[in-house]
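The values are calculated or read from the model by the stated rules, or taken from the named source; none is laboratory data. Because the structure is a prediction, the values reported are computed rather than measured. Ideal geometry is used to build each Cβ from the backbone, glycine not excepted, and the neighbour counts take in all protein chains shown. Heads up: the accessible areas ignore ligands, DNA and RNA and are worked out on the full protein's heavy atoms, side chains in. Shrake-Rupley method; radii C 1.70, N 1.55, O 1.52, S 1.80 Å.
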Amino acid sequence: MSKLSTRQRTLASELNFGGYGVHSGQPVTLTIAPAPPNSGFLICRDLGSGHTTLPVQVHFSRITRTTLCTTLDLGDSVSVATIEHVTSALSGMGVDNALITLDGAECPILDGSAQPFASAILEAGLEIQPASRRFIKIMRAVTVRNNDAFAALEPYNGRALDLEIDFDSKVIGRQRMIFDWSPRRYYEDVSRARTFGFARDAKILRQAGYALGSSLDNSITVHEDRILNPGGLRYEDEFVRHKLLDAIGDLSLGGMPIYGRFRSYKGGHALNAHVLSGLFSSDANYEIVTAEDLPLNFDALDDLPEGLSAQPYLRSVV
């Protein structure tokens, strides 16, 4: 394992996005900027008139709601919803430190996947920082359940996710995906998977204040036994891949990448949050280790998408 591959990474330049919240339907702009070593993912809200909240860590302890998305409390009655696609792209592409700033209460949905964020990271490139990458190494299995649904974190010699979904729908049905993480595999096999929903639920969701910005441009819509989107699916099993995308984003709220295996059946944002809470309920469940301490030659750290440059550390980030 090369020395540079064990170092933390931030963005080589600032990224900017504009769009609408999938649930609020409100316009929002979002910026992802470089951040110092050991800061993890930070987030703040631009409240206008020159006022911005203090940056806080994107962390599961700040989760206030998991209905259809992950919502964080930033303090002082300020919240941010639908953070999971942004953090999924950052984590999936191998970014360790970043500052997220947005001027609304919900991250932009863009095309419903993490690809716009991942592609922007690809274009900007990464900067290698003078600090060792740190991981949460799973030492003891933790499982949380809700009837027959469950989520688990288990010791494993690598970084893997094993997700299975089961919907009473001919279009979706039962799908499973086993994914061994690397930035290249994330970019190629996961990042393009879009969020999805059922046409039969649209009216009820909108009456409850959800999906106000949802459309065929940002969501796969299933109606009875067919998909309404003119272009069809991006992957044959796009539904389970999006659930995996969400899980990667939610699990990043542990504060560091997880070294171990995540398993889920009929899971979602709530179980993802609960399994993190269960993991950190006992110090015996995990250890914080550096990349140099990993028990194998962790080639995934070097497996970058074609075109993604990782440049040596050149400057300070303040």
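Couple of notes before you dig in:
- When a 1.4 Å probe is rolled over the protein heavy atoms, the share of accessible surface on segment 192-255 that falls to carbon and sulfur comes to 47 percent.
- For the chain, the Cβ-based charge dipole about the Cα centre amounts to some 320 debye (Lys, Arg positive; Asp, Glu negative; other atoms uncharged).
- Relative contact order of the chain, pairs being alpha-carbon contacts under 8 Å that are 6 or more residues apart, as %: 27 percent
- For the chain, the solvent-accessible area with a 1.4 angstrom probe is 43 square angstrom per residue.
- Summed residue charge, Cβ within 12 Å of THR70's Cβ, Lys/Arg positive, Asp/Glu negative: -3
- Stretchable slack from ASP201 to SER277, in nm (0.36 nm times residue separation minus alpha-carbon distance): 24.3 nm
- For segment 143-193, diffusion coefficient by Stokes-Einstein and Kirkwood Rh (Cα), 10 °C, 1.306 mPa s, µm²/s: 122 µm²/s
- Here segment 85-196 was treated as a single set of alpha-carbon atoms; its pair distances binned every 10 Å from 0 give 11, 33, 37, 17, 2, 0 percent.
- Highest average packing first - 151-160, 182-191, Cβ atoms within 10 Å: 182-191, 151-160
- Here, P(r) means the percent of Cα pairs in each 20 Å bin from 0 to the largest distance; for the chain it is 34, 60, 6.
- Lys, Arg +1 and Asp, Glu -1 on Cβ, resulting dipole of segment 75-220 about Cα centre, debye, nearest 20: 380 debye
- Within the full protein context, the accessible area of ARG45 is estimated at about 40 Å² for a probe radius of 1.4 Å.
- Surface/4 estimate of mean projected area, convex hull on alpha-carbon atoms of segment 206-289, nm²: 8.0 nm²
- Centroid-to-centroid separation of segment 70-116 and segment 149-167 [C-alpha atoms, Å]: 23 Å
- Taking the Cα centre of segment 45-148 as origin and assigning +1 to Lys and Arg Cβ atoms and -1 to Asp and Glu Cβ atoms, the resulting dipole is close to 620 debye.
- Under 13 Å, Cβ to Cβ, from LYS243 - net charge with Lys/Arg +1 and Asp/Glu -1: -2
- When peptides 26-35, 167-176, 111-120 are ranked by their average number of other Cβ atoms within 10 Å per residue, the highest-first order is 111-120, 26-35, 167-176.
- Accessible carbon and sulfur surface of segment 1-59 relative to its total accessible area, %, 1.4 Å: 54 percent
- Options ALA120, SER132, VAL80, ranked by Cα towards positive dipole end of segment 54-151, top entry (Cβ charges): SER132
- For LEU99, the residues whose amide H sits under 5 Å from its own are ALA33, ALA35, LEU42, ignoring neighbours fewer than 5 places away on the same chain, with H placed 1.01 Å from N.
- Segment 178-204-segment 20-57 distance, computed between alpha-carbon centres (Å): 23 Å
- Ellipticity estimate at 222 nm from DSSP helix runs (n ≥ 4, -39,500 (n - 2.57)) divided over the chain, nearest 500: -5000 deg cm²/dmol
- With all protein chains modelled, accessible area of HIS51 [1.4 Å, Å²]: 120 Å²
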